[in-house]
1. Distance from the Cα centre of the range 159-228 to that of the range 306-385, in angstrom?
2. Output ³J(HN,Hα) for the range 476-487: one whole-Hz value per residue in order, computed from phi by the Karplus curve 6.51 cos²θ - 1.76 cosθ + 1.60 with θ = phi - 60°, and x for Gly and Pro.
3. Give, as a single signed number, the net charge of other residues whose beta carbon lies under 10 Å from the beta carbon of M61, with Lys and Arg counted +1 and Asp and Glu -1.
4. Given axes a ≥ b ≥ c from the Cα gyration tensor, I'd like to know whether the range 333-405 is rounded (a/c under 1.5), prolate (a/b larger than b/c) or oblate.
5. For the range 166-263, what does the relative contact order come out to in percent, with C-alpha contacts under 8 Å and a separation of six or more?
6. Just in the range 10-55: which GluC sites (Glu not before Pro) are loop by DSSP and have at most 13 other Cβ atoms within 10 Å?
7. Specify the angular offset, from 0 to 90 degrees and rounded to the nearest 10, of the alpha carbon long axis of helix 26-39 from the longest principal axis of the alpha carbons in the chain.
8. Please state, as a whole number in µm²/s, the translational diffusion coefficient that the Stokes-Einstein equation yields for the chain at 4 °C and 1.567 mPa s, with Rh defined as the Kirkwood radius across alpha carbon pairs.
Amino acid sequence: MIDEGLAGLVRKHALKNAMDYGKADISSVMNKVITAAKQQRVPIPELRNEVEAIVNEINAMDKNSLEKAYGLFSEEFEIAMKDKREKSAKPRMVLEGAVEGDFATRFPPEPNGYLHIGHAKPLFLEAAFRDIYKGKLFLYFDDTNPKKEKQEYVDAIKGDLEWLGVAFDKEYYASDNIPKTYELGKKLIKEKRAYACSCSAEEIKRLRFEGKACVHRDRPVEESLDIFERIISGSYGKDDTVIRFRGDMGADNTTLRDPNIFRIVRDRHYRQDDKYCLWPTYSFNTPINDSLNGVTDVIRSKEYELGDELYRRILEALGLRIPRLHLESRLNIMGNVTSKRKLVEFINKGLLSGFDDPRLVTISALRRRGVVPEAIRGFVLRQGMSKVDSTMRLSMLLDENKKIIDAKAKRLFFITEPTELFFGDGSIGNVEIPLHPSNIELGSRSYYIKNSHVMINREDAEAYSGKNVRLKGIGTIKISHSDGTYHAERVDGQDGYVNTIQWVTEDSPRAVVIVPENPVDDNGDYNENSMNIVEGIIEPYAKNIAVNESVQLERFGFATMDKKEPIELIFMTK
């Protein structure tokens, strides 16, 4: 005989197996308890005899007895299953070399457009690692390109970040640090680690491809310094001169072949006005700001992998601390567009209404469509840190969102092709319908139907003519059709019905549902069929729905209120 503890374990797993599959299986139960049996040195034949006896006993139970016996363990199994799901869902979240309590990273948007779902991945990764390693997360605006950057984008980015719920320990701007980059640029020139180059852009590109030095590489230090100083002071006339880092023109890694570290841009800057005309490049500016601002760990897209060595070499040449670099994959959404150049092109042509056009995957567009921050976070963190690029369907994010909002989204009736349904007895009167099938805290809405008729979908009227259906909140009826009119006759609910259909009152307002699709086709060209409009009638309670509130239009899908007058909603998902 096995002891009482092991017998209880066998019984518990046998009950669970019977609940899951209708009958308990001896082999399945054996697999669950065999480790415990071995620890107690119970012979396998003896264990099998006991398991078989308990399984036979449980399989002989009726349904009520089985459920009652299992009820003693149900909470324990539910907790175990929840823990298992959470553990299996957690992505791999480890940064090699990162130190708990001595950790700082940064989120570095360039203010030349709006944030999109691709930005959300590094953002939430960095926020997660900040918490894991008990460190800091900085907001760093990489704003050294006056041609493309605007205060509008800074404001939009900060608004999106606040909505996403990510807090930062410090905020700083690359353009505020230009004087320091000038100082460090001079240091490199003086130490023959950088030089002024007056070659054309085409010549630089050709020589870099061929791995050959240009005629300016050995320019005297004094001459390069003089050019550098005159550019800064505004007394230098040529605009095509650049400052190049002396790397390795023979390197296999082409990013090391004397890259540009400063270039002349005379456009007015959104933040610095016309204070500067010599601007550091990303490859020079970024490592300096990371090092000087205390960043210990940099998480960046693997597209910068070839630039990692240059990042380190620049900091080595300047004698600055070198942060650890970690690469992660890009997140792409199938059939969508995140290229700022492409977005601006489509917007300027009037093909998209703006960066918050509901067809897009910008954060502002997703917010407008009804996607909540928790869904975006869960969606982008699903992979954890990975160097494998992923292309995912937008529907996966929308499904994640649906799981979150389903419990609090009010249910409303929406009729697309209305037709009248008359009650011969005229006895409808007051009707009260819950706003959610299970969340009673959301309350209900009430209507008084005084004219003995309602509006239903023509498709339902045609499909169920001659059949019993249930009108939500009203009861079971039989639909008939005569003289071009649909009639409803009340019947006993016990007679059964083939389906439940929705309805609206005759004074219900008109509504439009915008159904967005992918804005580009497989070739990356604009999809002319990417915006569909569905017109219909929505129940009057819709006037109580707030702008940006998501609801479920029954038998149609989840949608978000976009405008109140006239009523416009944006379709989210089925």
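Any read-out appearing in this document is the output of simple, stated calculations on the displayed coordinates, not a laboratory observation. Please read all numbers here as calculations on a predicted model, not as lab measurements. Quick reminder, even Gly has a Cβ in these numbers, built from the backbone with ideal geometry, and neighbours come from all protein chains shown.
1. Between the Cα centres of the range 159-228 and the range 306-385 lies a distance of 24 Å.
2. Ordered by residue, 3J(HN,Hα) equals 8, 9, 10, 8, 10, 10, 8, 6, x, 10, 9, 10 Hz.
3. -1
4. It is oblate, given that a/c is not under 1.5 and a/b is not larger than b/c.
5. 29
6. When the GluC sites (Glu not before Pro) of the range 10-55 are filtered for loop state and at most 13 Cβ neighbours within 10 Å, nothing remains.
7. It works out to around 60 degrees.
8. Roughly 44 µm²/s, to the nearest whole number.
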